[in-house]
Ligand code: BT5
């Protein structure tokens, strides 16, 4: 993978400019700097290795060389998309989930809000960050990290949730560049329906643990248990609590776990 091969591979997609980096700290950091310097909508940063990849809430994300995908798209949200900014990270997760199902022919699900699982193990994480000024999102950067070969896996002791890679689960080598092309093609198609109910249905139909018992732990409230029912029109998680009450949980710092 290099600048030239990516430019050729992605030439039919609406990507005005690509930055490929052999090694970087974080493609999201690079994208935020590029966005501040005037990057156009749908510009793309791709790295072969990250030394300080970020997860949500200050957590880390490991990207080992030649074994994973790490990339960030820069979006300049339209007025209509402004109403749906929180849906951009699920958009990335649904694009990856559908690509794994269709391109790799293995089952995959989205763990609300935006992790991608294969057989219950995390294969991909998504991190959306935005540059807000005067109440307007000037740029939203959507970073996606995917484990492809077994060498991409972090050590088990550094993980809070079991991890896997696509090749471990599908049992054969996967072409990283073709996978990237498929994900980006899906992502642009899904972006065009982000403000529709159809997108919410797609997200919900790929939701992990639907109809199953789960626990939800947030930093501000005590842990609750219940049955995962789905998502509502605002992308909130619908849970039937053990008390019989139905509650919605907003996108935020909530840890969702299957109940054991
Ligand atoms: C995420 O955060 O899952 C979002 C990860 C986003 C990474 C992409 S890569 C391209 C772009 N550039 C960046 O700097 N970031 C984005 P979160 O849900 O907070 O999960 C973080 C947790 O995942 C960590 O605390 C680790 O336990 C675990 N983890 C780290 N690396 C992993 C890996 N390669 N595979 C599976 N789990 C991992």
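Since every read-out is calculated from the coordinates, none of them should be taken as a lab result. Given the structure is predicted, the values throughout are model-derived calculations rather than measurements. Counting neighbours? That spans all protein chains shown, and the Cβs are built from the backbone with ideal geometry, glycine included.
The table that follows gives values for the structure above.
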{"read-out": "Selected from 50, 178, 98 as most flexible by GNM, with the chain as the system and alpha-carbon contacts under 10 Å", "value": "178"}
{"read-out": "For region 38-164, the Rg and Dmax computed from alpha carbons only, in angstrom", "value": "14.9, 45"}
{"read-out": "Helix 88-103 axis, angle to the chain major axis (alpha carbon atoms, nearest 10°)", "value": "80 degrees"}
{"read-out": "Most fluctuating residue given options 233, 222, 111, as computed from a GNM of the chain linking Cα atoms under 10 Å", "value": "222"}
{"read-out": "Cα extents of region 127-206 along the three principal axes, largest first (Å)", "value": "44, 27, 25"}
{"read-out": "Pairwise Cα inverse-distance average, inverted: Kirkwood Rh of region 49-105 (Å)", "value": "13.7 Å"}
{"read-out": "Mean projection area, nm², convex hull over Cα of the chain", "value": "13.9 nm²"}
{"read-out": "GNM result for the chain, Cα springs below 10 Å: residue of 182, 206, 37 fluctuating most strongly", "value": "37"}
{"read-out": "Proxy reagent accessibility, fewest Cβ within 10 Å first, across 56, 250", "value": "250, 56"}
{"read-out": "Degrees, to the nearest 10: 27-36 long Cα axis against longest axis of the chain", "value": "70 degrees"}
{"read-out": "Per-residue Cβ neighbour rank within 10 angstrom, fewest leading, 124, 104", "value": "104, 124"}
{"read-out": "Proxy reagent accessibility, fewest Cβ within 10 Å first, across 164, 63, 24", "value": "164, 24, 63"}
{"read-out": "Rough spin-label spacing in nm, given labels placed 7 Å along Cα→Cβ, for residue 178 and residue 234", "value": "4.4 nm"}
{"read-out": "Cα gyration tensor shape of region 1-108, rounded if a/c is under 1.5, else prolate or oblate by comparing a/b with b/c", "value": "rounded"}
{"read-out": "Euclidean distance between Cα centres, region 1-36 to region 61-91, Å", "value": "13 Å"}
{"read-out": "Region 113-260 - convex hull of the alpha-carbon atoms, volume per residue in Å³", "value": "160 Å³"}
{"read-out": "Rounded, prolate or oblate (a/c below 1.5 giving rounded, otherwise prolate when a/b exceeds b/c) for region 6-68 by Cα gyration tensor", "value": "oblate"}
